[in-house]
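Notes for the one structure printed next.
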Amino acid sequence: MKFFLLLSFIAFCWAQYDPHTQYERTSIVHLFEWRWVDIAKECERYLGPKGFGGVQVSPPSENIVVYNPYRPWWERYQPISYKICTRSGNEEEFRDMVKRCNDVGVRIYVDAVINHMCGAGGGAGTSSTCGSYYDANKREFPEVPYSAWDFNDGKCDGEISNYNDAYQVRNCRLVGLLDLALEKDYVRGVVADYMNRLIDIGVAGFRLDAAKHMWPGDIKAILDKLHNLNTAWFDSGSRPFIFQEVIDLGGEAISSSEYFENGRVTEFKYGAKLGTVIRKWSGEKMAYLKNWGEGWGFVPTDRALVFVDNHDNQRGHGAGGASILTFWDARMYKMAVGFMLAHPYGFTRVMSSYYWERNIQNGQDVNDWIGPPNDNGVTKEVTINPDTTCGNGWVCEHRWRQIRNMVAFRNVVNGEPFSNWWDNGSNQVAFGRGNKGFIVFNNDDWALLITLQTGLPAGTYCDVISGDKIDGNCTGIKVYVENDGTAQFSISHCAEDPFIAIHVEAKL
């Protein structure tokens, strides 16, 4: 009996690191600013069939409406109440999305904004997505309700000015946002009630926005109040998956490791370093990726949520700077995402974006605020073109053949060891995942032609980067693996996608 209780305790303690994806679904996608009705459709028509594990959705809580002169993306991160009521849809549409996605094995993870409410300069009135009254000047949010007593003004009256002062970072206002006093039982209870409503609806977990700006103990106190996941889709006793936005590039007072007890953390060094390597900046080479992961000073793999870019740093915010690769750098971006999805480190999240009109001035995009495609502030439908790409201004990187096929690659090789590394000392590298998959990159300025040990069974394989396996044939390049496991690879340095990936389910 004691042994059983110990096992149960260990399982409970580790539960917050488990994304609760269905068996052999190993990646999630951030459908940034999508409407709930479009996410429901995408789960059924694409994400489920293509093996995606889940969706990170934009904050569902009622937010301030900002005209700047048009509504920016960042208004979603300025709550007014915890009503489920935004430009993505209402509570009924949210509930329908969660049910339909869960029913096809695609989990929903909510971006939870619980560190703060709207900005101190937000004024007063009913300019909010559900028409709720608020008065930012008096720190009054009656629909919650919060009053001035529920904010950190007594501890810190101004904005964060020194990121080497942990007290400031966690108690002062982040870019003017009204900082909640999360050490108060009442505030913790209100936040937990909001998250529990979402859990009861059927979400699988949460991204905790601005976790670095909350004390780890306050987060834990809230998490301890959360319900188990809904047994309509999850095993009895399942705990919500938690991943915390902690920007830790080193050199500051706060480190990611302080948050490990609460769940995974967003490893921002991952995209910043990988972008530098793929761009070949600062003398970096892909050959140096042999010990990628903890060997590069990253957090432990079972505590990491990793990504090439996110909604912040693809606009120059957050962390990473100019090295961050995005859909604007499509050729290098596909290589970076391909590497991420082939490599065993961390739990992976793919970005799915929308277009905006960039205007770079002095190295900064002055249009970095632009919100999703819209008609007079009403978010546009995500339309699907005949070639399966998206229309209406939506980028949908997750639908790019190279990326969705690498999501499938990761599913196939899940649990297999990192193996058969090869490099030329420069930017041509290859590695396998046990006897299930193999990938080769040519990021040099000259052609690659070489025979490599793949570790795969003999046979003819379809390269899933240049094409698909359809009706027993390859629409792209074929790779022939010999009886000894070797195969010849030829990749031009001028190729549109200078990498090749094969796996056992792409074998003819």
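Can you confirm whether TRP356 is closer than 23 Å to GLN56 by Cβ, open to solvent by 10 Å² or more (accessible area, probe 1.4 Å), among the aromatic types (Phe, Trp, Tyr) and not in a helix (DSSP H, G or I)? Please lay out each step first, then the result.
On the way: closer than 23 Å to GLN56 by Cβ: yes; open to solvent by 10 Å² or more (accessible area, probe 1.4 Å): yes; among the aromatic types (Phe, Trp, Tyr): yes; not in a helix (DSSP H, G or I): yes.
Spelling it out, TRP356 is indeed closer than 23 Å to GLN56 by Cβ, open to solvent by 10 Å² or more (accessible area, probe 1.4 Å), among the aromatic types (Phe, Trp, Tyr) and not in a helix (DSSP H, G or I).
Figure legend. Inter-residue proximity from the stretch 338-362: first residues on the phi > 0 side of the Ramachandran plot, second residues open to solvent by 10 Å² or more (accessible area, probe 1.4 Å), beta-carbon distance below 6 Å, spacing 6+ or different chains. Indicated pairs: GLY346/THR301. Of all residues in the stretch 325-349, those satisfying the criterion of being out of contact with any Phe, Trp or Tyr (no Cβ under 9 Å at 6 or more places or on another chain) and open to solvent by 10 Å² or more (accessible area, probe 1.4 Å) are TRP328, ASP329, ARG331, MET332.
One residue is enough: does the stretch 92-105 have a residue meeting the conditions over 23 Å from the mean Cα position of the chain (by Cα), open to solvent by 20 Å² or more (accessible area, probe 1.4 Å) and modelled with pLDDT of 95 or more? Full working, then the answer.
So in the stretch 92-105, the residues over 23 Å from the mean Cα position of the chain (by Cα) come out as 92.
Narrowing the set further to residues that are open to solvent by 20 Å² or more (accessible area, probe 1.4 Å) leaves 92.
Going one step further and asking which of them are modelled with pLDDT of 95 or more, we end up with 92.
Within the stretch 92-105 (the criterion being over 23 Å from the mean Cα position of the chain (by Cα), open to solvent by 20 Å² or more (accessible area, probe 1.4 Å) and modelled with pLDDT of 95 or more), the answer is yes, since at least one residue qualifies.
Close contacts from the stretch 233-260, counting a first residue that is on the phi > 0 side of the Ramachandran plot and a second that is open to solvent by 10 Å² or more (accessible area, probe 1.4 Å), with Cβ to Cβ under 6 Å and a gap of 6+ residues or different chains, come to GLY237/ASN228.
Does the stretch 67-82 contain any residue that is more than 20 Å from the chain's Cα centre (by Cα), within 19 Å of ALA204 (Cα to Cα) and open to solvent by 10 Å² or more (accessible area, probe 1.4 Å)? Yes: one or more hits.
Answer with yes or no whether ASP200 is at pLDDT 95 or above, open to solvent by less than 40 Å² (accessible area, probe 1.4 Å) and in a helix (DSSP H, G or I). Lay out the reasoning, then the answer.
On the way: at pLDDT 95 or above: yes; open to solvent by less than 40 Å² (accessible area, probe 1.4 Å): no; in a helix (DSSP H, G or I): yes.
No; evaluated as a whole, the condition is false for this residue.
Just so you know, in the stretch 158-192 the residues that are more than 29 Å from the chain's Cα centre (by Cα) and part of a loop (DSSP other than H, G, I, E, B) include one that is surrounded by the most Cβ atoms within 10 Å (Cβ to Cβ), and it is LYS184.
If you go through the stretch 327-337 one residue at a time, do you hit one that is charged (D, E, K, R), more than 25 Å from ASN414 (Cβ to Cβ) and assigned to a loop (DSSP other than H, G, I, E, B)? Talk me through it step by step, then tell me what you get.
To start, the set of residues in the stretch 327-337 that are charged (D, E, K, R) comprises 329, 331, 334.
Pick out the ones that are also more than 25 Å from ASN414 (Cβ to Cβ) and you get 329, 331.
From what's left, assigned to a loop (DSSP other than H, G, I, E, B): none.
Within the stretch 327-337, not a single residue is charged (D, E, K, R), more than 25 Å from ASN414 (Cβ to Cβ) and assigned to a loop (DSSP other than H, G, I, E, B).
Any residue in the stretch 144-157 that is hydrophobic (A, V, I, L, M, F, W, C), under 30 Å from GLN16 (Cβ atoms), more than 27 Å from the chain's Cα centre (by Cα) and part of a loop (DSSP other than H, G, I, E, B)? Checking the stretch 144-157: at least one residue is hydrophobic (A, V, I, L, M, F, W, C), under 30 Å from GLN16 (Cβ atoms), more than 27 Å from the chain's Cα centre (by Cα) and part of a loop (DSSP other than H, G, I, E, B).
The set of residues in the stretch 41-76 that are part of a loop (DSSP other than H, G, I, E, B), touching a Lys or Arg at 6+ places or on another chain (Cβ under 8 Å) and under 21 Å from ARG349 (Cβ atoms) comprises LYS50, GLY51, PHE52, GLY53, SER58, PRO59.
Residue-level check: of (1) within 30 Å of the chain's Cα centre (by Cα); (2) within 20 Å of PRO344 (Cβ to Cβ); (3) surrounded by 23 or more Cβ atoms within 10 Å (Cβ to Cβ), LEU456 misses just (1). Within the stretch 85-141, the residues that satisfy the criterion of being of a type outside the set (A, V, I, L, M, F, W, C), part of a strand (DSSP E or B) and within 19 Å of ARG207 (Cα to Cα) are THR86, ARG107, TYR109, ASP111, HIS116.
Determine whether the stretch 251-267 contains at least one residue that is among the charged types (D, E, K, R), at pLDDT below 95 and either open to solvent by 30 Å² or more (accessible area, probe 1.4 Å) or part of a loop (DSSP other than H, G, I, E, B) (or both).
Taking the stretch 251-267 as the starting set, the residues that turn out to be among the charged types (D, E, K, R) are 252, 258, 261, 264, 267.
Checking the rest, the ones that are also at pLDDT below 95 come to 252.
In the following step, the residues that additionally are either open to solvent by 30 Å² or more (accessible area, probe 1.4 Å) or part of a loop (DSSP other than H, G, I, E, B) (or both) were identified as 252.
Yes, there is a match, as at least one residue in the stretch 251-267 is among the charged types (D, E, K, R), at pLDDT below 95 and either open to solvent by 30 Å² or more (accessible area, probe 1.4 Å) or part of a loop (DSSP other than H, G, I, E, B) (or both).
Here is the figure for the stretch 368-420: residues that are part of a strand (DSSP E or B) and closer than 15 Å to TRP356 by Cα total 6.
If a residue has to be farther than 13 Å from ASP309 by Cα and basic (Lys, Arg) to count, how many in the stretch 330-372 make the cut? Within the stretch 330-372, residues that are farther than 13 Å from ASP309 by Cα and basic (Lys, Arg) number 2.
Among GLY415, GLY472, which is the only one that is modelled with pLDDT under 95 and farther than 30 Å from ILE370 by Cβ?
On the way: GLY415 fails: modelled with pLDDT under 95.
The conditions single out GLY472.
Which one is nearest to the chain's Cα centre (by Cα), of the residues in the stretch 18-44 that are aromatic (Phe, Trp, Tyr) and over 22 Å from ASN230 (Cα atoms)? Going through the qualifying residues, I end up with PHE32. A search for C-beta distances below 7 Å between a residue of the stretch 298-325 that is closer than 20 Å to VAL29 by Cα and any residue that is buried (at least 19 other Cβ atoms within 10 Å of the Cβ) and of a type in the set (Asp, Glu), counting only pairs 6+ apart in sequence or on different chains, returns ALA304/GLU267; LEU305/GLU267; VAL306/GLU267; GLY318/ASP312; ILE324/ASP309; LEU325/ASP309. The residue list VAL429, VAL479 contains one member that is over 23 Å from ARG25 (Cβ atoms), open to solvent by less than 40 Å² (accessible area, probe 1.4 Å), in a strand (DSSP E or B) and in contact with a helix residue (DSSP H, G or I) (Cβ under 7 Å, 6 or more places away or on another chain), which is VAL429.
The values are calculated or read from the model by the stated rules, or taken from the named source; none is laboratory data. Keep in mind that what you see is a predicted model, and the values were worked out from it rather than measured. Cβ sites come from the backbone with ideal geometry, for glycine too, and all protein chains shown count toward neighbours. The area values use the complete protein model at the heavy-atom level, side chains included, leaving out ligands, DNA and RNA. Shrake-Rupley method; radii C 1.70, N 1.55, O 1.52, S 1.80 Å.
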